[in-house]
Every structure is written in C-alpha cells, then in structure tokens.
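The values are calculated or read from the model by the stated rules, or taken from the named source; none is laboratory data. Computed from a predicted model, the values in this text were never measured in an experiment. Here the Cβ positions follow ideal geometry from the backbone for every residue, glycine too, while neighbour counts run over all protein chains shown. Surface areas here come from the heavy atoms of the whole protein model, side chains and all, with no ligands, DNA or RNA. Shrake-Rupley method; radii C 1.70, N 1.55, O 1.52, S 1.80 Å.
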Amino acid sequence: MGVDLRQVVAGILTITMFVMLIHMIKRDHFDAVVQDKFPGATNDVDFENSNFEGTNVGKTIGLWKGDGADKLKPCWAKPSGDDVEQTEGFVIFSLTNGPEYHMSQIADAVIVARSLGATLVIPDIRGSQPGDKRNFEDIYDVDVFTKSMGGVVRVVKDLPDNISKNKIAAVKIPNRVTEGYIVTHVEPIYRSKGNIRLATYFPSVNMRKAGKNGNTDSIACLAMYGSLELQPEIKDLVDSMVERLRTLSRKTDGQFVAVDLRVEMLDKKGCQGSDNGEKEKSCYNAQEIAMFLRKIGFQKDTTIYVTESKWDDSLDSLKDMFPKTYTKEAIIPADKKTKFQDSQDSELEKVIDFYISSESDVFVPAISGLLYANVAGKRIGNGKTQIFVPAEIQDSSASASNFVSPYISKKNHFAYSCYC
C-alpha cells in the first residue's frame, strides 16, 4: 500500500502545532504584555530574555490575595464610663477634608471629651470651599455613631440654646493626641472656659503602632473603626459603583485595582520630595503607575479605578496600557450622576474614593499621605491586605511581594493594635 505524501505532511504539521500549543499555554501570560517600549521608559524592554518570575501564572494569583486575607476581628475593650468624673461642659468640633481626616478627627475628639468628662456634640462636616457645610447625618449614620459611644462619652446632637458657638474657646490639638498633652494644654482651658472647640492639626502622617496606651488606644480603635458608617443612601451608591467595577472585571473573577491618583496633587509641595537635598519620591504619575503595575504582573485586561474626579489627558498613558481604566464619572449610576457629581460636591467625591479604595481587591497609593494610611487601616480590619506601594523598577519585571506596604509586611499599622 503506497504512502500518501499529503497525509505524511499533514501529520507532521499536526504534531508541530500541538507542540507549539503546549508552549503557548506555558507562556500565555506573555501575550498580553506590551513588547514595544513602555510609555515613559528610557530603554526598550526585552520580554523574550526577561525573567518573569514575578508575573507567571502561579504568582498572578498572589497579586489579588495575600497570605493574611482572612478578615480580622475587633479586639479592643470598650472602656467603662464609670472610670471618668463627669463634668458639665461641652466639646464641639467639625469634620473636614474627607473621610481619611474624619477618622482621625473623630478619634481625637472622643479621646479629649472622655478625658475631660465632657459631653461631645455631634460634629458638622465642612468642605474646602467657603460655605460648604453639611450635617453629620448627610454622610454618616448618626444612630450607629451615637450607639457606639454609649458608655464611653455622652453625646448630644446640638449645644443647648443658652450656649453660643461664637463664644467657645478654640483649642488646637495634634493628631493622635496623648493624655499628657490633654492634661497640660487642653484641660486648663476647658476648666477656665467651660466649653471648647477642637481643631486637629497633622504635624505628620503617622499611623504606625506606638507603645501601649491602655484606654486611649481602645478609645481610638473604637472611634476610628467602630463608629463611622455611611448613611444608607451613600452606602448604596458606593456599593453600586463597586458592583459595577466587579461586573467590568469578569476576566479577573470580579477583582479590580483602586489607584489613588489625583492629578492636582502631583504639583503640590508634598509631592516634590524632601528638603534635605535628597529627592524622596512620594508621588507617581499615571505613566509611572502603568509601568509599575505591568512590571509586577498585572495584565492588560485588569480593571483599574482611579480617584481623579474626571478624566484627565494625563491618564491616557495608564489607559493605553490598561484599557479598562475608569474614573467615577464612568461608573456612577446614571440616576445618581446629577446629584452626586454634576453638583461639584467634592466632599461626597472624597467619600466615594475613600470607600471604593477600601473595598477594592488591590489598592495602590500613587500619593503618600493620610488617605493611604487610613485606607490601609480600614483594609487591615477587613482582611484586604493587598496594598502595593509604587516604586521605579529598573528591571523588566519584579515580584509583587517586594512592594507590599510596610504597614502590612511589618504589621506596624495602628490598626493591628485594634484587630486580632
């Protein structure tokens, strides 16, 4: 029986294609990687001769879920109200500059009011613009806050009518105020004036664990992580936006990355390095973030949420590398758009950004600051420990584990004093 040459050739081609397919399966993650020069790169990136140890299929799973991904439980002890002598005065204050500040301001005010035995007045919320003022319950659940303070401090909604806010002494306190500072600098004014208005200032962004402070730490834990919940309408809005991002992330099993990148912040002094002659990079632009994400293993079809209010041309380099990059204007429900965005309500935009950053599967702070620090605290309590701090990577790839936030890798965030 003669051999048909065409059948022999067809058989050889079939075997060759099968072998090629095996190699493609082994390297399927390479196909999505851009093989030209990255935008902003100084050298051409040779992926064929690169070590992809940080981006192989097995380690890609580690991009989304860290070793400590189990949700922790609150382990602070609620102090007894019997420990403090009650006084007749009031402590008032305002929440300002967004949720990342609100958490710290609430904690300082509760610590001061308890130390003085004073009654705490539920704060108003003030935006960055003159006259931008709203009630606490416009953003937060006032019932949750009031109940959480039960047995810790007395809470009232308003000052008595016979007390004028204009005649209350103003007192500045540093963030993470200590009992010693209160006794020396706050209590004498309170004893003299009877009522005080607090204003927290932030000499530095420091959310690392300090030494044991007993009741003060417990009160701070309760105030920061157990007293502030969004009111139902705002919570529903944030939940719907998170769900929209998950729907857009089918190829990554509903997982997405949140990047805190606000273009207007990049030119500010805090992003320009230190004054000691050595430029310490603390902020990264869209092009640098795109490079960082790709080099640690995120693929082209990764969904990315950026905290910039509206699309800015400078974000194009990020979208070129990750086409599924969105700002809030693209994912906010149509029926909510007018109320929550077209109104130019910057305070509500900050709330949306903070809570989406807290709920995302991965968080990348392009800007070092209090939002990064307090989002990290919220995420630690929820077991969402995938926080990658950007860096300029000289090689064509790197292991993502090298860039896990020190707050997580060293477990030195204050939140680790609150959860176990």
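For this structure, a couple of remarks:
- Count of the range 138-172 residues which are assigned to a helix (DSSP H, G or I) and either open to solvent by less than 50 Å² (accessible area, probe 1.4 Å) or aliphatic (A, V, I, L, M) (or both): 4
- For the range 190-218, a residue qualifies if it is at pLDDT 95 or above and hydrophobic (A, V, I, L, M, F, W, C), and the qualifying residues are ILE196, LEU198, ALA199.
- Residue in the range 361-371 that is open to solvent by 40 Å² or more (accessible area, probe 1.4 Å) and charged (D, E, K, R) present: no
- Qualifying residue in the range 251-266 (condition: closer than 21 Å to LYS384 by Cα and part of a helix (DSSP H, G or I)): yes
- For the range 97-110, the count of residues that are more than 29 Å from the chain's Cα centre (by Cα), outside any strand (DSSP E or B) and surrounded by fewer than 21 Cβ atoms within 10 Å (Cβ to Cβ) is zero.
- Yes/no for THR119 being surrounded by 15 or more Cβ atoms within 10 Å (Cβ to Cβ), over 22 Å from LEU370 (Cβ atoms), of a type in the set (Val, Ile, Thr) and in contact (Cβ under 8 Å) with a residue 24 or more places away in the chain: yes
- Residues that are under 21 Å from the mean Cα position of the chain (by Cα), among the small types (Gly, Ala, Ser) and modelled with pLDDT under 95 within the range 255-294 comprise GLY270, SER282, listed in sequence order.
- Verdict on VAL186 being in contact (Cβ under 8 Å) with a residue 24 or more places away in the chain and either within 18 Å of TYR372 (Cβ to Cβ) or under 18 Å from the mean Cα position of the chain (by Cα) (or both): no
- Restricting the range 223-253 to residues that are under 24 Å from ALA415 (Cα atoms) and in contact with a Phe, Trp or Tyr (Cβ under 7 Å, 6 or more places away or on another chain), the residue that is most open to solvent (accessible area, probe 1.4 Å): GLU229
- Options ASN374, ASN402: the member that is within 30 Å of TRP76 (Cβ to Cβ) and in a helix (DSSP H, G or I): ASN374
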